[in-house]
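Undergrad: Structure provided below as structure tokens; questions to follow.
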Amino acid sequence: MDTKRNKLIQVTYEALQRAIKVAVPGKRLGDISREIYNYVRSHGFDVVREFTGHGVGKFLHEDPFLHEDPMIPNYVPYKWQNLRLQRYMTLAIEPMVVAGKPNV
């Protein structure tokens with residue numbers, strides 16, 4: 001595997017670890033998105049916009065926020081970015097990092 005691929009894997013892994021540390025009660029949904037986005041961009045990569053993380057309730061992709069949109073994007077701004085995280089919310093944080101353009 002070449003160096004750029006290794007770096008892409010490492011940056012994606014670290015973006016996830018950083019996002020997990022931010023995902024605590026009292027923080028905002030946008031804090032997770034911003035942490036991923038800023039970290040990835042600081043390393044010369046970008047994030048896919050068409051796919052996102054999501055909430056998990058009784059079923060996969062269920063909205064834990066009691067809104068119609070369960071997305072947890074890897075970029076900002078986003079319409080639910082000010083939503084406060086609460087205890088017992090279950091989130092699937094999924095950084096999708098690319099070396100090229102952010103569209104699929």
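The values are calculated or read from the model by the stated rules, or taken from the named source; none is laboratory data. Keep in mind it's a predicted model, so treat the numbers as computed, not measured. Note that we place each Cβ from the backbone using ideal geometry, even for glycine, and neighbour counts take in every protein chain shown.
Undergrad: Quick one: in the stretch 18-28, which of the residues that are surrounded by 12 or more Cβ atoms within 10 Å (Cβ to Cβ) and either over 9 Å from the mean Cα position of the chain (by Cα) or farther than 22 Å from ARG84 by Cβ (or both) is modelled with the lowest pLDDT?
TA: Here the residue is ARG28.
Undergrad: Also, I was wondering about something else. Just checking, how many residues over the stretch 42-72 are in contact with a helix residue (DSSP H, G or I) (Cβ under 7 Å, 6 or more places away or on another chain) and either basic (Lys, Arg) or at pLDDT 80 or above (or both)?
TA: Residues meeting the conditions: 4.
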